[in-house]
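Q: After the structure tokens below, expect a handful of questions from me.
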Amino acid sequence: MKYRLRSPSRPQPAEKELPKSDPRRPLDQLGKYFNRHDLDGLARSFAQHAVLVAPDGVGQDREEIASYYGLFMEAFPDSMCTPQSVTMSRDTVVAEYTLTGTHSGPYLLPGGEFVEATRRPITVRACSVSIVEDGVIVSHRIFYDQLELVAQLGGSVMFRDDEA
């Protein structure tokens with residue numbers, strides 16, 4: 001099978017903007033703002049009293065959610081989110097995506113400790129389930145394998161011996 005490369009002079013198709021009524025729109029905007037590292041824009045994707053639940057934290061309003069993302073962006077300043085698939089049912093949007101970046105800043109662990117920059121690259125598969133009302137996200141649940149991320153940073157699981 002032979003493949004033809006597109007001519008560089010050929011115009012590329014413009015990115016389609018989703019209609020305001022489409023529940024995928026706030027998730028699409030969230031991804032764009034995340035990739036630009038624009039926390040103000042990212043925050044506007046959420047309702048004022050939105051809730052974010054993730055393996056490593058909970059945000060109970062727009063400012064806490066922006067802070068959650070800000071901590072991640074500080075730890076991975078070149079982080080990018082690449083959507084893999086998006087599925088929608090009424091006001092619920094499920095997105096699968098890949099996060100990539102380089103660990104270049106302090107990363108907050110679930111127990112409250114920080115891991116200093118390791119300069120290691122990460123590629124983490126993740127999924128989110130979001131509920132959208134009036135064009136903004138009101139509930140955002142993120143799922144990813146924390147062990148996968150920690151292992152890529154050079155960490156491992158250690159169990160404490162409470163009897164010592």
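Q: Looking only at the range 113-141, count every residue that is open to solvent by 90 Å² or more (accessible area, probe 1.4 Å), within 16 Å of LEU153 (Cβ to Cβ) and not aromatic (Phe, Trp, Tyr) and tell me the total.
A: Summing the residues that are open to solvent by 90 Å² or more (accessible area, probe 1.4 Å), within 16 Å of LEU153 (Cβ to Cβ) and not aromatic (Phe, Trp, Tyr) in the range 113-141 gives 6.
Q: Hey, can you tell me all the residues within the range 68-82 that are open to solvent by less than 30 Å² (accessible area, probe 1.4 Å) and in a strand (DSSP E or B)?
A: CYS81, the sole residue that qualifies.
Q: Could you say whether any residue in the range 147-160 is closer than 24 Å to ALA43 by Cα and among the aliphatic types (A, V, I, L, M)?
A: no
Q: Can you report the number of residues in the range 102-116 which are small (Gly, Ala, Ser) and touching a helix residue (DSSP H, G or I) at 6+ places or on another chain (Cβ under 8 Å)?
A: Matching residues across the range 102-116 total 2.
Q: Can you give me the number of residues within the range 19-47 that are touching a Phe, Trp or Tyr at 6+ places or on another chain (Cβ under 8 Å), open to solvent by 40 Å² or more (accessible area, probe 1.4 Å) and either over 15 Å from ALA66 (Cβ atoms) or among the aromatic types (Phe, Trp, Tyr) (or both)?
A: 0
Q: For the range 61-115, how many residues are in contact (Cβ under 8 Å) with a residue 60 or more places away in the chain and in contact with a Pro (Cβ under 8 Å, 6 or more places away or on another chain)?
A: Residues that pass the stated criteria total 7.
Q: Still on this model: Looking only at residues in the range 83-122 that are outside any loop (DSSP other than H, G, I, E, B) and touching a His at 6+ places or on another chain (Cβ under 9 Å), which one is nearest to ILE137 (Cα to Cα)?
A: Ranking the candidates gives ILE122 first.
Q: Further, regarding this structure: Looking only at residues that are assigned to a helix (DSSP H, G or I) and open to solvent by 50 Å² or more (accessible area, probe 1.4 Å) in the range 48-67, which one is farthest from VAL115 (Cα to Cα)?
A: Per the stated criteria, the residue is ARG62.
Q: Read through the list (1) loosely packed, with under 15 Cβ neighbours inside 10 Å; (2) part of a strand (DSSP E or B), then give the number of the only condition that GLU148 fails.
A: It is condition (2) that GLU148 fails.
Q: Exactly one condition in (1) modelled with pLDDT of 95 or more; (2) open to solvent by less than 60 Å² (accessible area, probe 1.4 Å) is false for GLY155; which is it?
A: Result: GLY155 passes all but (1).
The values are calculated or read from the model by the stated rules, or taken from the named source; none is laboratory data. Everything quoted here is computed from the prediction, not taken from an experiment. Neighbour counts are summed over all protein chains in view; Cβ atoms, including those assigned to glycine, are modelled from backbone coordinates with ideal geometry. SASA here: full protein model, heavy atoms, side chains in, ligands and nucleic acids out. Shrake-Rupley method; radii C 1.70, N 1.55, O 1.52, S 1.80 Å.
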